[in-house]
1. Please state which of the following conditions S49 fails to meet, knowing it meets all the rest: (1) of a type outside the set (A, V, I, L, M); (2) assigned to a loop (DSSP other than H, G, I, E, B); (3) under 14 Å from the mean Cα position of the chain (by Cα).
2. Check the stretch 146-155 and report whether any residue there is within 24 Å of A185 (Cα to Cα) and in contact (Cβ under 8 Å) with a residue 60 or more places away in the chain.
3. Filter the stretch 113-123 down to the residues that are surrounded by 15 or more Cβ atoms within 10 Å (Cβ to Cβ) and either in a loop (DSSP other than H, G, I, E, B) or modelled with pLDDT under 95 (or both) and list them by number.
4. Within the stretch 74-112, track down each residue that is surrounded by fewer than 16 Cβ atoms within 10 Å (Cβ to Cβ) and over 21 Å from H146 (Cβ atoms).
5. Which one is modelled with the highest pLDDT among residues in the stretch 124-145 that are surrounded by 18 or more Cβ atoms within 10 Å (Cβ to Cβ) and outside any strand (DSSP E or B)?
6. May I ask you to list pairs of residues, at least six apart or on different chains, whose Cβ atoms are under 7 Å apart, with the first in the stretch 126-137 being more than 24 Å from L88 (Cβ to Cβ) and the second being assigned to a loop (DSSP other than H, G, I, E, B)?
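The values are calculated or read from the model by the stated rules, or taken from the named source; none is laboratory data. Everything numeric here is computed off the predicted structure, so don't read it as measured data. Ideal geometry is used to build each Cβ from the backbone, glycine not excepted, and the neighbour counts take in all protein chains shown.
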Amino acid sequence: MRAGRAAAPLLLASMVLAAGTGLSAHRHDEYLQAARIAIDPVSVRLELSLTPGIAVADAIIGDIDVNGDARLDAAEQRRYADTVVQGLSLRVDDTMLPLTLAAAHFPDAAALRMGDAAITLQVNVGAVPPASGAHRVAFRNGNAAHGAVYLANALLPEDDRVAITGMTHAVDQSSLAVAYTLRPARDWSSLWLRLTRMVSRAEAEAAP
């Protein structure tokens with residue numbers, strides 16, 4: 001994701017729908033799981049933010065801290081993140097794409113207990129067929145432990161070849177379907193040839 005977009009991601013109208021659910025990163029007894037999906041001509045990018053509420057934070061920390069030493073070490077973080085990714089699915093058209101963990105950021109246990117710190121997972125998605133025309137992305141989050149509540153949004157495409165034409169959320173937003181159209185790639189060599197011929201013709205007509 002480009003730095004400018006990552007710093008201030010622009011969400012589609014689904015943000016308005018999400019706002020109506022009244023979800024907040026400061027929920028007391030819920031585990032907020034917010035998914036953001038970005039669609040490019042040949043790829044889909046997925047990010048998941050996990051924010052434990054104060055009342056469930058200790059249970060989630062216990063799931064991560066399997067050796068009980070009150071530290072969330074790298075191996076424990078990786079194990080937990082992989083488990084979360086296994087609970088996700090993403091399909092493009094009729095193809096289920098493989099999901100693998102690319103990166104993870106975990107606040108320390110004390111920050112998680114405050115109820116507003118998020119675990120962030122970056123997920124690699126398998127390659128998307130680049131065929132032009134209408135397509136559909138179907139995402140589902142099946143992680144339901146500890147009072148999970150969900151958000152799912154699509155980011156505005158960075159490439160103008162991609163046009164999102166519709167979105168459908170599950171009532172609880174644990175799943176999201178995004179319809180989009182992929183325009184054909186521009187043939188710059190052909191365009192350059194036509195432009196060169198136009199210039200040559202104009203020069204010939206202007207010649208004495």
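1. Among (1) of a type outside the set (A, V, I, L, M); (2) assigned to a loop (DSSP other than H, G, I, E, B); (3) under 14 Å from the mean Cα position of the chain (by Cα), the lone unmet condition for S49 is (2).
2. Restricting attention to the stretch 146-155, the residues satisfying the condition of being within 24 Å of A185 (Cα to Cα) are 154-155.
Still in the running and in contact (Cβ under 8 Å) with a residue 60 or more places away in the chain: 154-155.
Yes: one or more hits.
3. Quick first cut of the stretch 113-123, residues surrounded by 15 or more Cβ atoms within 10 Å (Cβ to Cβ) only: 113, 115-123.
If the condition is that a residue be surrounded by 15 or more Cβ atoms within 10 Å (Cβ to Cβ) and either in a loop (DSSP other than H, G, I, E, B) or modelled with pLDDT under 95 (or both), then R113, G115, D116, A117, A118 are the ones that fit.
4. Of everything in the stretch 74-112, those that are surrounded by fewer than 16 Cβ atoms within 10 Å (Cβ to Cβ) and over 21 Å from H146 (Cβ atoms) turn out to be A74, A75, R91, D93, D94, T95, M96, P98, T100, A102, A103.
5. Per the criteria, the residue is N143.
6. S132/R183; S132/P184
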